[in-house]
Structures are given as C-alpha cells and as structure tokens.
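As structure tokens, the structure follows; a few thoughts come after it.
The values are calculated or read from the model by the stated rules, or taken from the named source; none is laboratory data. Keep in mind that what you see is a predicted model, and the values were worked out from it rather than measured. Cβ atoms come from the backbone with ideal geometry, glycine included; neighbour counts cover every protein chain shown. Just the protein is used for accessible areas: all its heavy atoms, side chains included, with ligands, DNA and RNA removed. Shrake-Rupley method; radii C 1.70, N 1.55, O 1.52, S 1.80 Å.
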Amino acid sequence: MADWEIRPASVADVEAVAELRTVVLRADLERLGRYDEQRVRQRLRDGFVPAHTWIIEVGGAFAGCVSLRPAEDAHWLEHFYLAPHLQGNGFGTALLRGLLEQCDRDGILVRLNVLQGSPARHLYERHGFTLETEDPVDVFMVREPALAVRDR
C-alpha cells in the first residue's frame with residue numbers, strides 16, 4: 001500500500017470531493033437510471049460538512065474522502081469515496097476499520113446507505129453492517145458497536 005494519510009476536510013475541498021463522487025457513483029447511478037451529472041455534484045455540495053469529513057491523500061495528492069456525521073441515535077458513514085485506481089488495494093478497508101474501531105470504543109451505532117447493486121455493499125458486510133431497510137435505489141445498513149472492543 002502506498003504512503004497515505006488522512007486530514008480534516010476544509011470548505012476548499014468541496015469541489016474535489018464533488019468531482020470524485022461523480023466519477024465513483026456514475027456506473028451505479030447509470031445502471032439505476034438515476035445519473036445526472038449536475039445533480040450528483042450538487043447533492044454533495046448541499047450535504048458537505050467539513051467538520052465531520054476527512055480527506056484521504058496518497059503521496060500528498062487528493063485520493064478520497066469519508067464523513068462520519070453524528071446523529072441522534074447513531075453516526076452516519078457518508079461520502080466514502082476513493083479514486084478508482086486505489087479501490088481494491090486495502091485503503092478503504094484500513095480507513096473503515098479505523099473509523100469503526102473508534103465507534104466501537106465509544107459504543108456508537110453506525111448507519112449508512114449504499115446504492116442497490118453497488119460492490120461497496122460487500123465491504124460494509126465484511127465489517128459487520130447488516131440490512132436495515134431498502135428501496136429500489138438505496139440499501140440502508142446498520143452496524144452495532146462490537147462489545148469486545150468497547151469493553152477493553
């Protein structure tokens with residue numbers, strides 16, 4: 001795995017994240033008949049909260065992002081995007097593992113939604129997420145905090 005790090009996001013990161021979202025989600029949204037290039041970007045802009053977002057850099061260059069947004073009963077894992085050339089290389093697994101270990105220590109339930117048919121669902125299932133509900137476009141998943149980690 002290449003040299004990588006995460007840093008807190010800033011408002012200045014929104015356009016890079018919006019562009020990456022467009023690239024990463026395009027195939028799934030086209031398959032679902034829901035792709036609109038402008039809407040994909042605008043939805044990200046409308047929901048981008050730098051205070052809950054981290055930027056992934058590989059070799060000092062922007063390579064992805066992830067958000068963990070606190071809500072009333074859980075944290076929402078959102079905007080988890082990696083540049084296509086980095087997918088399948090362990091970056092996503094390493095980052096997700098770290099985020100979930102912190103949630104486990106804090107006893108926090110984690111929720112997310114993933115597009116129907118997205119290969120990302122398998123990553124989430126490997127990390128303990130289970131189906132909560134679904135509709136024709138989205139699959140909503142939940143993960144209980146792991147007691148073994150929380151009770152250490």
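With R₀ set to 35 Å, the beta-carbon distance separating residue 83 from residue 147 gives a calculated FRET efficiency near 0.50.
Across segment 70-79, coupling constants 3J(HN,Hα) worked out from phi with the 6.51/-1.76/1.60 Karplus curve, θ = phi - 60°, read x, 10, 4, 10, 6, 9, 9, 7, 9, 6 Hz, and Gly and Pro carry x. The stretch between residue 15 and residue 37 holds 6.6 nm of extra length on full extension. This uses 0.36 nm per residue minus the Cα-Cα distance.
Could you calculate the contour length gain from residue 105 to residue 23, that is, 0.36 nm times the residue separation minus the distance between their Cα atoms, to one decimal place in nm?
Values: separation 82, 0.36 × 82 = 29.52 nm, distance 3.37 nm.
Extending this stretch completely gives an extra 26.2 nm.
Derived scalar couplings between HN and Hα for segment 108-115 equal 9, 5, 10, 10, 7, 10, 9, 5 Hz in order, rounded to whole Hz, by the Karplus curve 6.51 cos²θ - 1.76 cosθ + 1.60 (θ = phi - 60°), x for Gly and Pro. Counting only the Cα atoms, the chain fills a convex hull of 118 Å³ per residue. Close amide H contacts of residue 55 (hydrogens built in the peptide plane, cut-off under 5 Å, sequence separation of 5 or more or a different chain): 7, 9. Restricting the calculation to Cα atoms, segment 53-138 shows an Rg/Rh of 0.96 when the hydrodynamic-style radius is the Kirkwood one. With θ taken as phi - 60° and the Karplus curve 6.51 cos²θ - 1.76 cosθ + 1.60 applied, the whole-hertz 3J(HN,Hα) list for segment 121-137 is 4, 5, 4, 5, 4, 4, 9, x, 6, 10, 5, 9, 7, 8, 9, x, 10 Hz, x standing for glycine and proline. Amide H contacts of residue 116 (H built 1.01 Å from N, in plane; Pro and chain starts excluded): 138, 139 sit under 5 Å, all sequence-distant by 5 or more or on other chains.
Given the -39500 (n - 2.57) contribution per DSSP H run of 4+ residues, what per-residue ellipticity at 222 nm results for the chain, rounded to the nearest 500 deg cm²/dmol? Before the final figure, lay out the partial values.
Numbers: 5 runs with 56 residues, N = 152.
The helix-only estimate for the chain comes to -11000 deg cm²/dmol at 222 nm.
Summed over the residues of segment 50-152 and divided among them, the accessible surface reaches 50 Å² per residue at a probe radius of 1.4 Å.
Computed with a 1.4 Å probe over protein heavy atoms only, the accessible area of residue 46 comes to about 120 Å².
May I ask you to give the percent of accessible area on the chain that is carbon plus sulfur, with a probe radius of 1.4 Å? Numbers along the way, then the final one.
Numbers: 4160 of 8230 Å².
C and S fraction of accessible area: 51 percent.
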